[in-house]
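Beneath this line is the structure, given in structure tokens, with notes to follow.
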């Protein structure tokens, strides 16, 4: 066990403890770096060397080098190498810089080898790798990701101008030594993961060191690519080499060289002319050829210790030869139902991708003998991968763990024969069976075994398997030949038993049913080792041997699977049970404040200089700033700069831009610019707005107008529900909800009609209280699936009871006791009114329910502030926003979908009745979509939206698609607020049949960024621009939303676990609305549709086709043409024979509007 570490002069966990806790023994052992490896060795019972290696930035690679040589010398048989880099305490700030070395980037971005590079930014992360001798790994059937072919370390010593200055000659020396030891030349290495910290001088010196090692390379066709993963993750300190290794392994896996993130043009000091190196500036294919792929990694510590290592891609291993078994036992388990369901879905996706190539035998061995088995379990006995896929598709994960302790009774009947081929199959699957047959063969060759002897060996082998598993029968039921088998474990050898049954058996009387019933326990588990015999006829509920181990395992019994089947002969990648999170972080010296009612934010007073400086200190989190400081030099960036400008513009009623802040030399000059823009500002000016009453926002007015024309008051409910895994104290829950109500003003808001129009009124916090109602449900479904559906149906009906916006407050809190046949569960149902809480608002409420209200500070801004800012924006005309949307939407038109019902004059009826369909994207497909998005420099939201555009293009047959897209509508300063900010935007994209999906995705990405940067013009004003009349902005609505409720979420700090119930969403004004809900790693689709326009069968087919399209995107998205992507027949053929990437399509010059996608420009 070697732990890489960087024990630099930074805050450690010890520094964060209170003084009292610092005096405890645990504070010492828990904080000193010397204990890191020892603690892991203690918990994992690792008895070899446990060392902490600290050479600063090169720690991991040096630790890996040490582990390699310990293996070579035989000091150990396996080594765990790794660690974690965590930034404890305050983030490092650039002054002279970290430790006064001038290494941190001023813009918070690491840009290795780029002309704009000015240092690194710290990163966090880490992990471990298992290192073994190659021969041992291949013998043990391990998945070998890479082979260390050579490594070297050295020291800069006095070859530099200072301790922390790099030495190119020392780097050349260590690189050359590692290459010599690996027996490779520069021409063999396809990729070099550089240390690449993104410093102006360090990067050129590293290139100089590499150039020295490459001096003998003359083949221009073998010039290696160079990059640094620090552009992606930042500098992980002592774990920097680990991050580099993960990149190398990913490139081996994908057969590609990844581009350097953020790289645009090389640092002019690199001096690359004549040097056989190339900076990785794009995705480059790196296929496996005639020879193995080699990569190298450099790590250079600030201590002067350098390390370099050469890796070869892991060998491709063939499946081990084995006798074909008749059946395979496949087991899955997890800590809870959610984790088990996720495992089922991931394994199903893995099998479905290549059922013919899926190694079922290896999978069964790994899942049984190489996994810890948790309380929530599933298992099947299958004959082939296709049968397993079917079982996984219909699996229903257990809702609670099973623990059966009834006695096990084993039945041994008068079996007449067991075919030799069956005996061989069982011997191939079970070690106990193999032992019995081997002993028998020593006594008598298998070709001479009689039918009775084969039957006897079948029973003896089955008994041996049960004994290996640790099953001790409470009773043996025997009949005929079964009696001979029962005697062997106690008084006879296998040979003696074979001799005893060599002669023809005498006639056996039928089993005595009365005697059997007198000895058989009333509550027991019967395992029948001889199914089909006369004894079996008297035991109708008995478990046959083929299913016995699986069924006993599912009863919650602990079986010794390694004794039953041995260690896996080949390990393959299979899903593992999600970890059960356990909070073990100690209390720190700055405990969270008690949850008290936040005071209303007071406007800052004083001179303009004072206010500007105080706002800058708040935004940057730096209390000690001075007016002479430059904003960008003290940690400012575009994000916090935008926040500061928003605060300044609101406070002083001015219209400054973030560029004004960036271009001025210091905060004093910026304060002078503010003063010039706000000549009427009075230092004594205070905010005289009412703290209890306010007009409605544009979003609220739109909801109010829609409510007036709607016949469905329930449509304005915003429900959310949590299923609790355990009981909760209603009083404590009500108190928790009350804290939230007092913290967020919009949870105390209600509607009031006044002579001046509708107004929203906020109740005072000190009198506010969350009234928690009690309710009961009875769930009587026969299966778990029926009960789940019945639960959702009843909770949906409760959630549909209208909430009046005039109520005080218009929100309903209910704690529901749901009585199931075998247990009682509680549900927390919260029903908001859409006038006051949008989709992102209830996320915020549930996030704080889970984390506790004290986990986040009270907001210093309220929804009223947003309303006033919006009214100010619109009173000024919002010229720039209006001009953008006018130009962007010029020439666009409403494109109706092919409907099942007709309507006149192209005017669809008002959506008065709607229903929804739901579908879950397989975990494997979801992961592949995320990976595709990463490669294409997009997000999962953009990929799924682009796929939706492609789908709409296919069914509408229109060259341009318009989609209404839901946007959060929140500025950075509003992120912590609960309220109604959400806005509806319109995205338009032209689609060409011959373009690739990657090209369509690029257009959707650009349009998404463009429209979202202009999202603050309310939807009703956008509608007036396009003059839609009674029609919605587009025929479909697309909403992408996450959820704060994860698989390990709990209610408060010590409350029960929670699961988010997927309630039916409120009605949409669009005829067809797609909601994508990302829940932890799962992706769920909800398609809501107008019952007046579409039949359920039509929409079911659409949802199925869209899901299939997503699958094809996951597998083929980069190169496949859009026309092929939506054509399932062509796409399936492409899955078999992937098509080459299409040439760049020639863009159509037609189209109107200054802000259309590139193809229309």
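Going by the conditions given, is residue 782 within 29 Å of residue 858 (Cα to Cα) and modelled with pLDDT under 85? Write out each step before concluding.
Details: within 29 Å of residue 858 (Cα to Cα): no; modelled with pLDDT under 85: yes.
It is false that residue 782 is within 29 Å of residue 858 (Cα to Cα) and modelled with pLDDT under 85.
Looking at (1) crowded, with 21+ Cβ neighbours inside 10 Å; (2) on the phi < 0 side of the Ramachandran plot, which is the only condition residue 304 fails?
(2)
Go through 1141, 1054 for me and flag whichever is under 30 Å from residue 729 (Cα atoms) and either assigned to a loop (DSSP other than H, G, I, E, B) or modelled with pLDDT of 85 or more (or both). Give the derivation first.
On the way: 1141 fails: under 30 Å from residue 729 (Cα atoms).
Every option except 1054 fails the conditions.
Suppose we keep only residues that are within 24 Å of residue 1062 (Cα to Cα) and assigned to a loop (DSSP other than H, G, I, E, B) within the stretch 898-930. Which one would you say is modelled with the highest pLDDT?
If we take residues in the stretch 898-930 being within 24 Å of residue 1062 (Cα to Cα) and assigned to a loop (DSSP other than H, G, I, E, B), then 922 is modelled with the highest pLDDT.
Restricting to the stretch 31-81, give me the number of residues that are assigned to a strand (DSSP E or B) and crowded, with 23+ Cβ neighbours inside 10 Å. Before you say what the answer is, go through the steps one by one.
Initially, the stretch 31-81 is screened for residues assigned to a strand (DSSP E or B), giving 51-53, 55, 57, 78-81.
Within this subset, residues satisfying the condition of being crowded, with 23+ Cβ neighbours inside 10 Å are 53, 55, 57, 79, 81.
Number satisfying all stated conditions: 5.
Name every residue in the stretch 235-279 that is assigned to a loop (DSSP other than H, G, I, E, B) and touching a residue at least 60 places away in the same chain (Cβ under 8 Å), in order of residue number.
236, 260, 262, 263, 264, 265, 267, 271, 272, 275, 276, 277
Just need a number here: residues in the stretch 854-868 that are at pLDDT 75 or above and assigned to a helix (DSSP H, G or I).
6
Output the residues belonging to the stretch 503-523 that are more than 13 Å from residue 477 (Cα to Cα) and under 55 Å from the mean Cα position of the chain (by Cα).
522, 523
If you check residue 845 against the conditions, is it modelled with pLDDT of 80 or more, closer than 19 Å to residue 734 by Cα and either out of contact with any strand residue (DSSP E or B) (no Cβ under 8 Å at 6 or more places or on another chain) or in a strand (DSSP E or B) (or both)?
Values: modelled with pLDDT of 80 or more: yes; closer than 19 Å to residue 734 by Cα: yes; either out of contact with any strand residue (DSSP E or B) (no Cβ under 8 Å at 6 or more places or on another chain) or in a strand (DSSP E or B) (or both): no.
No; evaluated as a whole, the condition is false for this residue.
What number of residues within the stretch 348-397 satisfy the criterion of being more than 20 Å from residue 567 (Cβ to Cβ), more than 23 Å from the chain's Cα centre (by Cα), assigned to a loop (DSSP other than H, G, I, E, B) and in contact (Cβ under 8 Å) with a residue 60 or more places away in the chain?
The total comes to 1.
Considering each of 402, 406 in turn, give the residue that is in a loop (DSSP other than H, G, I, E, B), out of contact with any helix residue (DSSP H, G or I) (no Cβ under 6 Å at 6 or more places or on another chain), in contact (Cβ under 8 Å) with a residue 12 or more places away in the chain and closer than 23 Å to residue 536 by Cα. Break it down into steps so the answer makes sense when it comes.
On the way: 402 fails: closer than 23 Å to residue 536 by Cα.
Only one candidate passes the filter, namely 406.
Return the only residue of 318, 295 being over 30 Å from residue 156 (Cα atoms) and either without any contact (Cβ under 8 Å) to a residue 60 or more places away in the chain or assigned to a strand (DSSP E or B) (or both). I'd like the intermediate steps shown before the answer.
Numbers: 295 fails: over 30 Å from residue 156 (Cα atoms).
None of the other options fit; the residue is 318.
Could you please let me know if residue 1046 is modelled with pLDDT under 80, outside any loop (DSSP other than H, G, I, E, B), more than 27 Å from residue 1112 (Cβ to Cβ) and out of contact with any strand residue (DSSP E or B) (no Cβ under 6 Å at 6 or more places or on another chain)? Before you say what the answer is, go through the steps one by one.
On the way: modelled with pLDDT under 80: yes; outside any loop (DSSP other than H, G, I, E, B): no; more than 27 Å from residue 1112 (Cβ to Cβ): yes; out of contact with any strand residue (DSSP E or B) (no Cβ under 6 Å at 6 or more places or on another chain): yes.
Spelling it out, it is not the case that residue 1046 is modelled with pLDDT under 80, outside any loop (DSSP other than H, G, I, E, B), more than 27 Å from residue 1112 (Cβ to Cβ) and out of contact with any strand residue (DSSP E or B) (no Cβ under 6 Å at 6 or more places or on another chain).
Can you say whether residue 977 is part of a loop (DSSP other than H, G, I, E, B) and either surrounded by fewer than 19 Cβ atoms within 10 Å (Cβ to Cβ) or modelled with pLDDT of 85 or more (or both), as far as the supplied structure shows? Let's see the steps before the verdict.
On the way: part of a loop (DSSP other than H, G, I, E, B): yes; either surrounded by fewer than 19 Cβ atoms within 10 Å (Cβ to Cβ) or modelled with pLDDT of 85 or more (or both): yes.
Yes.
So that you can scan it fast, the table gives a plain yes or no per residue for (1) out of contact with any helix residue (DSSP H, G or I) (no Cβ under 7 Å at 6 or more places or on another chain); (2) modelled with pLDDT of 80 or more; (3) within 30 Å of residue 373 (Cα to Cα); (4) assigned to a loop (DSSP other than H, G, I, E, B):
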position: 586; (1), (2), (3), (4): no, no, yes, yes
position: 599; (1), (2), (3), (4): yes, no, no, yes
position: 616; (1), (2), (3), (4): no, yes, no, no
position: 654; (1), (2), (3), (4): no, yes, no, yes
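Step by step: first the residues of the stretch 1030-1043, then only those that are in contact with a helix residue (DSSP H, G or I) (Cβ under 9 Å, 6 or more places away or on another chain) and farther than 14 Å from residue 965 by Cβ, then the one that is modelled with the lowest pLDDT. Which residue is that? Let's see the steps before the verdict.
To start, the set of residues in the stretch 1030-1043 that are in contact with a helix residue (DSSP H, G or I) (Cβ under 9 Å, 6 or more places away or on another chain) comprises 1031-1033, 1035-1036, 1038-1043.
Keeping just the survivors that are farther than 14 Å from residue 965 by Cβ gives 1031, 1042-1043.
On the way: 1031: 57, 1042: 77, 1043: 75.
My answer is 1031.
Scan the stretch 467-496 residue by residue and report those that are within 18 Å of residue 548 (Cα to Cα) and either without any contact (Cβ under 8 Å) to a residue 60 or more places away in the chain or in a loop (DSSP other than H, G, I, E, B) (or both).
Passing the criteria: 467, 470, 471, 472, 473, 474.
Give just the number: which of (1) at pLDDT 80 or above; (2) outside any helix (DSSP H, G or I); (3) assigned by TED's automatic domain parsing to the domain that holds residue 1013 does residue 948 not satisfy?
Exception for residue 948: condition (2).
Table: residues versus (1) modelled with pLDDT of 95 or more; (2) outside any helix (DSSP H, G or I); (3) assigned by TED's automatic domain parsing to the domain that holds residue 508.
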site: 410; (1), (2), (3): yes, yes, yes
site: 415; (1), (2), (3): no, yes, yes
site: 421; (1), (2), (3): no, no, yes
site: 425; (1), (2), (3): no, no, yes
site: 437; (1), (2), (3): yes, no, yes
site: 440; (1), (2), (3): yes, no, yes
site: 461; (1), (2), (3): yes, no, yes
site: 464; (1), (2), (3): yes, no, yes
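Give 998, 993, 956, 976 a once-over and let me know the one that is outside the structural domain of residue 650 (by TED's automatic domain parsing), touching a strand residue (DSSP E or B) at 6+ places or on another chain (Cβ under 8 Å) and in contact (Cβ under 8 Å) with a residue 12 or more places away in the chain.
Numbers: 998 fails: touching a strand residue (DSSP E or B) at 6+ places or on another chain (Cβ under 8 Å); 956 fails: touching a strand residue (DSSP E or B) at 6+ places or on another chain (Cβ under 8 Å); 976 fails: touching a strand residue (DSSP E or B) at 6+ places or on another chain (Cβ under 8 Å).
The match here is 993.
The values are calculated or read from the model by the stated rules, or taken from the named source; none is laboratory data. Small disclaimer: the values here were computed from a predicted structure and weren't measured. Quick reminder, even Gly has a Cβ in these numbers, built from the backbone with ideal geometry, and neighbours come from all protein chains shown.
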